[in-house]
1. Out of curiosity, is Arg59 within 13 Å of the chain's Cα centre (by Cα) and farther than 15 Å from Glu8 by Cβ?
2. Open to solvent by 40 Å² or more (accessible area, probe 1.4 Å), in a helix (DSSP H, G or I) and free of Cβ contacts under 8 Å to residues at least 24 places away in the same chain: does that describe Ser64?
3. Out of curiosity, is Trp24 of a type in the set (Phe, Trp, Tyr) and farther than 16 Å from Asp12 by Cα?
4. So which residues in the range 34-47 are within 17 Å of Arg70 (Cα to Cα) and either of a type outside the set (Ser, Thr, Tyr) or touching a strand residue (DSSP E or B) at 6+ places or on another chain (Cβ under 8 Å) (or both), if there are any at all?
5. I need the full set of residues from the range 31-44 which are of a type outside the set (Gly, Ala, Ser), open to solvent by 60 Å² or more (accessible area, probe 1.4 Å) and within 16 Å of His9 (Cβ to Cβ), in order please.
6. So, in the range 17-33, of the ones that are within 21 Å of Gly84 (Cα to Cα) and at pLDDT 95 or above, which residue ends up nearest to the chain's Cα centre (by Cα)?
7. Tell me whether the range 46-60 contains one or more residues that are open to solvent by less than 80 Å² (accessible area, probe 1.4 Å), of a type in the set (Val, Ile, Thr), free of Cβ contacts under 8 Å to residues at least 12 places away in the same chain and not in a helix (DSSP H, G or I).
8. Could you run through the range 1-33 and say how many residues are assigned to a helix (DSSP H, G or I) and either in contact with a strand residue (DSSP E or B) (Cβ under 9 Å, 6 or more places away or on another chain) or among the hydrophobic types (A, V, I, L, M, F, W, C) (or both)?
Amino acid sequence: MGRTPLLEHAADDFLNEVTRQTPWRRARSEDLLDALDTFLGGSAPLLAYTRATGEAWLRALHDSEREDARDLLTEFRAYLRDWGWLDSARPVNQPD
């Protein structure tokens, strides 16, 4: 039986892939994804991150952080879909 995919593992892969060509983005993106993981309870399973929990987290952020965080979540969610993280984390036949 496999381990439950954690948000932090997907975030690490995302950061490695995305910031390879834009390393100056890494620290800010990492901080935001760490804040999302903390919001979800820390060491959160990947499936704890949904559109609804992402929106709740965005509402909890200071106004000055929301635009960057929203852009990051859009990119992160696309990465999770494109690289199969969501498919491998959920039961069969439950679309993103």
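1. no
2. Yes; evaluated as a whole, the condition is true for this residue.
3. For Trp24, the condition - of a type in the set (Phe, Trp, Tyr) and farther than 16 Å from Asp12 by Cα - is not met.
4. Asp34, Ala35, Leu36, Asp37, Phe39, Leu40
5. Those that are of a type outside the set (Gly, Ala, Ser), open to solvent by 60 Å² or more (accessible area, probe 1.4 Å) and within 16 Å of His9 (Cβ to Cβ): Asp34, Thr38.
6. That would be Leu33.
7. The answer is yes, given that some residue of the range 46-60 is open to solvent by less than 80 Å² (accessible area, probe 1.4 Å), of a type in the set (Val, Ile, Thr), free of Cβ contacts under 8 Å to residues at least 12 places away in the same chain and not in a helix (DSSP H, G or I).
8. Residues that pass the stated criteria total 10.
The values are calculated or read from the model by the stated rules, or taken from the named source; none is laboratory data. All values reported here derive from a predicted model rather than from experimental measurement. Positions of Cβ are generated from backbone atoms using ideal geometry, with glycine treated the same way; all protein chains shown enter the neighbour counts. Calculation scope for accessible area: heavy atoms of the full protein, side chains included, ligands and nucleic acids excluded. Shrake-Rupley method; radii C 1.70, N 1.55, O 1.52, S 1.80 Å.
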